[in-house]
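Peer 1: One structure coming up, written as structure tokens, with questions to follow.
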Amino acid sequence: MTLETRTLDESDVAAWVRALGTGFHRAPSVTDEEVAARRPGFDLARTRGAFDQGRCVATFRSMPRELTVPGGAFVAASAITNVAVTATHRRRGLASRMMAADLADAKERGEAVAILVAAEYPIYGRFGFGPATWVVDWEVNVPRAAMDGRYAGPTDGGRVDLADIAEVRKAGPALHERVRALTPGAISRDARWWDVVTGEIQFPSQPWTEPFVALHRDEHGEVQGLVAYRTTDHPWPGKLPRVDAQVLQLIAATPAAEQALWRFLLSLDWVTMINTGHRAPDDVLPLLLGDPRAAQTETHADFMWLRMLDVPVALSARTYGGAPARLVLEVRDGAGLAGGRFVLETDATGAGRCTAASPADAADLVLDVADLGCLYLGDESASRLAALGRVTEHRPGAVRSADTLFRTARRPWCPEVF
């Protein structure tokens, strides 16, 4: 059987969208309207398929994004998505072939890292990816949250107001640009992202329902936060209210805005349960409650995985903790994309500079490229990886130094499903 993997031509798009729907168990066929709605979101040069006698049987796509790293700088990233293989063609190396081609192209384009959201944990480590951010979903029992029932809004001069979709389209993108600069692990959103979430672009297979939206403005009238949510009204046994609220997104540029938006949600009449959606594992929400036990963990899992493509560029972009330091890393990469020995030097301000090591530079630490992906945004501990044998120390104290350098005060968080 001859299986061809390649980037798409225009004539392949409908078959590719059908294969994507099949691979994700959505539907065995697609309409022309669905294809037309999805086509503008694809860069054909970055969209790959596997074909068996003309039928598309596997899909793969990447997008250019900017990734925020500790310190607030952005690095160019290849965001991989829509990876699916039809059940009839599993275990034939199709995803591996498309991944190898896409990573090689991304490195050639100068993208420093590749990122993806892993549907299944065991798949992507073999491609050099490591989990770089995690997420938590909480289900908050509002009556048990022990919040002040007299709360009537912010007392610092700010305010929370309901907003319509036109206001979201106007204020949302600028707010997100500010928030992502403050959030290691966040990625850029393009105009199409906002078109989809505000209903400007709709897909026949996924009917859009307008959410409730509230904006937080500070005492100067500047938008500092946004929350979008939907509600589900259940039967009220004994005339006791039972309404659920599902948070679709909550972003805030200031702690005051973040707290005000959570307090707004917790004060909604009749709402007895709030599902927070994906939040950072160290989100402030539970500690905001009078009884943190009212926030029950529904999900605690890996989320965004990261693969190095250019170690010097990536490590030079972020800031580091502790006193000035020098660390020699030997990075092993079976794919030959980002391996080598590198010197990371940091100064008193936390700025880092990473360069190729000289033959005289002995390695302080040896690790796989996937484990460097785990460490990069500050979420993982070098000491923990060393205890597992995944980081090898060649200079006494090097693991402790790596912990000081890489770890961050708050855990990284990727707010996007991409």
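Peer 1: Does E330 fit the bill of being in a strand (DSSP E or B), within 30 Å of M147 (Cβ to Cβ) and of a type in the set (D, E, K, R)?
Peer 2: Values: in a strand (DSSP E or B): yes; within 30 Å of M147 (Cβ to Cβ): no; of a type in the set (D, E, K, R): yes.
Judged against the criteria, E330 is not a match.
Peer 1: Sticking with this structure for a sec: Please go through the range 265-279 and pick out each residue that is surrounded by 17 or more Cβ atoms within 10 Å (Cβ to Cβ) and among the charged types (D, E, K, R).
Peer 2: R279
Peer 1: Looking only at the range 335-348, which residues are under 21 Å from A409 (Cα atoms) and either under 25 Å from the mean Cα position of the chain (by Cα) or touching a residue at least 40 places away in the same chain (Cβ under 8 Å) (or both)? Reasoning before the result, please.
Peer 2: So the first thing to find is which residues in the range 335-348 are under 21 Å from A409 (Cα atoms), and the list is 344-348.
Result: L344, T346.
Listed here are the residues, each with its yes/no results for (1) closer than 30 Å to S78 by Cβ; (2) in a helix (DSSP H, G or I); (3) open to solvent by 60 Å² or more (accessible area, probe 1.4 Å).
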{"position": "P122", "(1), (2), (3)": "yes, no, yes"}
{"position": "V136", "(1), (2), (3)": "yes, no, no"}
{"position": "V140", "(1), (2), (3)": "no, no, no"}
{"position": "P143", "(1), (2), (3)": "no, yes, yes"}
{"position": "G149", "(1), (2), (3)": "no, no, yes"}
{"position": "P154", "(1), (2), (3)": "no, no, no"}
{"position": "G157", "(1), (2), (3)": "no, no, no"}
{"position": "A171", "(1), (2), (3)": "yes, yes, no"}
{"position": "L175", "(1), (2), (3)": "yes, yes, no"}
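Peer 1: Mind counting the residues in the range 51-74 that are open to solvent by less than 10 Å² (accessible area, probe 1.4 Å) and within 30 Å of Y320 (Cα to Cα)?
Peer 2: So the answer is 5.
Peer 1: Go through the range 364-413 and give me each residue that's surrounded by 21 or more Cβ atoms within 10 Å (Cβ to Cβ), more than 21 Å from W305 (Cβ to Cβ) and among the acidic types (D, E).
Peer 2: Result: D364, single match.
Peer 1: Determine, yes or no, whether A104 is open to solvent by 30 Å² or more (accessible area, probe 1.4 Å) and part of a strand (DSSP E or B).
Peer 2: Numbers: open to solvent by 30 Å² or more (accessible area, probe 1.4 Å): yes; part of a strand (DSSP E or B): no.
No: the conditions fail for A104.
Peer 1: Still on this structure: Is there a residue being among the aliphatic types (A, V, I, L, M), more than 22 Å from C414 (Cβ to Cβ) and either open to solvent by 30 Å² or more (accessible area, probe 1.4 Å) or touching a residue at least 40 places away in the same chain (Cβ under 8 Å) (or both) anywhere in the range 349-358? Please lay out each step first, then the result.
Peer 2: So in the range 349-358, the residues among the aliphatic types (A, V, I, L, M) come out as 351, 356-357.
Subsequent filtering for residues that are more than 22 Å from C414 (Cβ to Cβ) retains 351, 356-357.
This time we only want the ones that are either open to solvent by 30 Å² or more (accessible area, probe 1.4 Å) or touching a residue at least 40 places away in the same chain (Cβ under 8 Å) (or both), so: 351, 356.
Yes, that holds for at least one residue.
Peer 1: Residues that are within 16 Å of L375 (Cβ to Cβ) and either open to solvent by 50 Å² or more (accessible area, probe 1.4 Å) or touching a His at 6+ places or on another chain (Cβ under 7 Å) (or both): does the range 327-345 have at least one?
Peer 2: Yes; the residues of the range 327-345 include at least one that is within 16 Å of L375 (Cβ to Cβ) and either open to solvent by 50 Å² or more (accessible area, probe 1.4 Å) or touching a His at 6+ places or on another chain (Cβ under 7 Å) (or both).
Peer 1: Could I ask something else about it? Can you report the number of residues in the range 31-50 which are open to solvent by 50 Å² or more (accessible area, probe 1.4 Å) and either part of a helix (DSSP H, G or I) or touching a residue at least 24 places away in the same chain (Cβ under 8 Å) (or both)?
Peer 2: Residues meeting the conditions: 7.
Peer 1: Run T272 past the list (1) part of a strand (DSSP E or B); (2) under 25 Å from the mean Cα position of the chain (by Cα) and report the number of the one that doesn't hold.
Peer 2: In the conditions (1) part of a strand (DSSP E or B); (2) under 25 Å from the mean Cα position of the chain (by Cα), T272 misses (2) alone.
Peer 1: Of all the residues that make up the range 159-169, how many are hydrophobic (A, V, I, L, M, F, W, C) and not in a strand (DSSP E or B)? Break it down into steps so the answer makes sense when it comes.
Peer 2: Of all residues in the range 159-169, those hydrophobic (A, V, I, L, M, F, W, C) come to 160, 162-163, 165-166, 168.
From what's left, not in a strand (DSSP E or B): 165-166, 168.
Number satisfying all stated conditions: 3.
Peer 1: Which condition number does Q296 fail, the rest of (1) open to solvent by 70 Å² or more (accessible area, probe 1.4 Å); (2) touching a helix residue (DSSP H, G or I) at 6+ places or on another chain (Cβ under 6 Å) being met?
Peer 2: (2)
Peer 1: Would you pick out the residues in the range 226-264 that are under 25 Å from V197 (Cβ atoms), free of Cβ contacts under 8 Å to residues at least 60 places away in the same chain and surrounded by fewer than 21 Cβ atoms within 10 Å (Cβ to Cβ)?
Peer 2: Hits for the range 226-264 are R230, T231, T232, D233, V243, D244, Q246, L248, T254, P255, Q259.
Peer 1: Go through the range 307-327 and give me each residue that's under 24 Å from K107 (Cα atoms) and either in a strand (DSSP E or B) or of a type outside the set (D, E) (or both). Talk me through it step by step, then tell me what you get.
Peer 2: Initial filter on the range 307-327 (under 24 Å from K107 (Cα atoms)): 307-319.
Passing the criteria: R307, M308, L309, V311, P312, V313, A314, L315, S316, A317, R318, T319.
Peer 1: Search the range 65-82 for residues that are touching a residue at least 12 places away in the same chain (Cβ under 8 Å) and pair each with any residue that is acidic (D, E) and in a strand (DSSP E or B) when their beta-carbon atoms are under 8 Å apart and the residues are at least 6 apart or on different chains.
Peer 2: Here the result reads F74/E66; V75/E66; A76/E66; A77/E66, each pair linking the range 65-82 to a residue that is acidic (D, E) and in a strand (DSSP E or B).
The values are calculated or read from the model by the stated rules, or taken from the named source; none is laboratory data. Note that the structure is a prediction, hence the values are computed from the model and not measured. Cβ: placed from backbone, ideal geometry, glycine included. Neighbour counts: every protein chain shown. The protein model used for the area step is the full one, side chains on, heavy atoms only, and it has no ligands, DNA or RNA in it. Shrake-Rupley method; radii C 1.70, N 1.55, O 1.52, S 1.80 Å.
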